[in-house]
Amino acid sequence: VVPGYDCSACGPPGRTISRQDGLGFQAGLQAVGPGSDLVLIEGFDNVDENAHIIETTEWGRKYLAITKWFTSNLP
């Protein structure tokens, strides 16, 4: 599960996954989370590829809050 991804500036240029204001991250967690013993979240602090969930000036704590909600509310 990734919150987003942007490797358009990589050499060679790579794939881009839109953040969709958190909706893609939530959909990914919802798809694999229920009933899973383990969910891997890629890129906790991977800022250079826009795959980070750490607190930022652009998104604040949104992705940390999404992660916290899923860890607390899924069976």
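The values are calculated or read from the model by the stated rules, or taken from the named source; none is laboratory data. No experiment lies behind these values; they were computed from the predicted model shown. All Cβ positions, even for glycine, are placed from backbone atoms using ideal geometry, and neighbour counts span all protein chains on display. Only protein heavy atoms, including side chains, enter the accessible area calculation; ligands, DNA and RNA are left aside. Shrake-Rupley method; radii C 1.70, N 1.55, O 1.52, S 1.80 Å.
Residue check, Q30 against (1) touching a helix residue (DSSP H, G or I) at 6+ places or on another chain (Cβ under 9 Å); (2) outside any loop (DSSP other than H, G, I, E, B); (3) open to solvent by less than 80 Å² (accessible area, probe 1.4 Å), all met but one. Which one?
For Q30, the failing item is (3).
Filter the range 33-53 for residues that are closer than 18 Å to C7 by Cα and either surrounded by 12 or more Cβ atoms within 10 Å (Cβ to Cβ) or at pLDDT 85 or above (or both) and give the result. Quick ask: steps written out before the conclusion?
First, the residues of the range 33-53 that are closer than 18 Å to C7 by Cα: 41-53.
Of everything in the range 33-53, those that are closer than 18 Å to C7 by Cα and either surrounded by 12 or more Cβ atoms within 10 Å (Cβ to Cβ) or at pLDDT 85 or above (or both) turn out to be I41, E42, G43, F44, N46, D48, E49, N50, A51, H52, I53.
Just the residues that are among the aliphatic types (A, V, I, L, M) and at pLDDT below 90, please, taken from the range 55-75.
The answer is L74, and nothing else.
Yes or no: G22 open to solvent by less than 70 Å² (accessible area, probe 1.4 Å), of a type outside the set (S, T, Y), in contact (Cβ under 8 Å) with a residue 40 or more places away in the chain and assigned to a helix (DSSP H, G or I)? Give the steps one after another, and end with the answer.
Details: open to solvent by less than 70 Å² (accessible area, probe 1.4 Å): yes; of a type outside the set (S, T, Y): yes; in contact (Cβ under 8 Å) with a residue 40 or more places away in the chain: yes; assigned to a helix (DSSP H, G or I): yes.
Yes.
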